[in-house]
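Written below as structure tokens is the structure these notes are about.
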Amino acid sequence: MIICHCNAITDRDIRAAVDWMRAADPGTLITTGKVFRALGRRSQCGGCLPLFLDTMQQCDSFVIPMHERGETRRAATQGEE
Ligand code: FES
């Protein structure tokens, strides 16, 4: 199903990008912008963003695995010290 009509991005494209990003970096925060970039596209009208995000959140690999969460938090706070 087409999710982003401006860029002809399907739900399958989004799931593949989320799975790829999680496999490449298990602790990464996955955002809509990162998915657009992974697909070589940019958001244009933004009308798809609610459905785009819903599609991302339905992916099993969207959530950071529990064992990676401490590492992400430590990495985010290292710059503050
Ligand atoms: S429908 Fe996705 S940017 Fe316009």
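The values are calculated or read from the model by the stated rules, or taken from the named source; none is laboratory data. Please read all numbers here as calculations on a predicted model, not as lab measurements. No Cβ is skipped: glycine too gets one built from the backbone with ideal geometry, and neighbour counts run over all protein chains shown. With ligands, DNA and RNA removed, areas are computed over all heavy atoms of the protein, side chains included. Shrake-Rupley method; radii C 1.70, N 1.55, O 1.52, S 1.80 Å.
Data overview
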quantity: Accessible area (Å², 1.4 Å probe, nearest 10) - Thr77; calculated: 60 Å²
quantity: Folded to 0 to 90 degrees: helix 11-24 orientation relative to the chain principal axis, Cα; calculated: 20 degrees
quantity: Rounded to whole Å, sorted largest first: equivalent-ellipsoid semi-axes of the chain, Cα gyration tensor; calculated: 26, 14, 10
quantity: Contact order normalised by residue count of the chain, Cα under 8 Å, 6+ apart, percent; calculated: 36 percent
quantity: Whole-percent carbon and sulfur share, accessible surface of segment 2-78, 1.4 Å; calculated: 54 percent
quantity: Label-point gap, in nm, between Val63 and Lys34 - each point 7 angstrom along Cα→Cβ; calculated: 1.7 nm
quantity: Accessible area per residue, Å², the chain with all protein chains present, probe 1.4 Å; calculated: 68 Å²
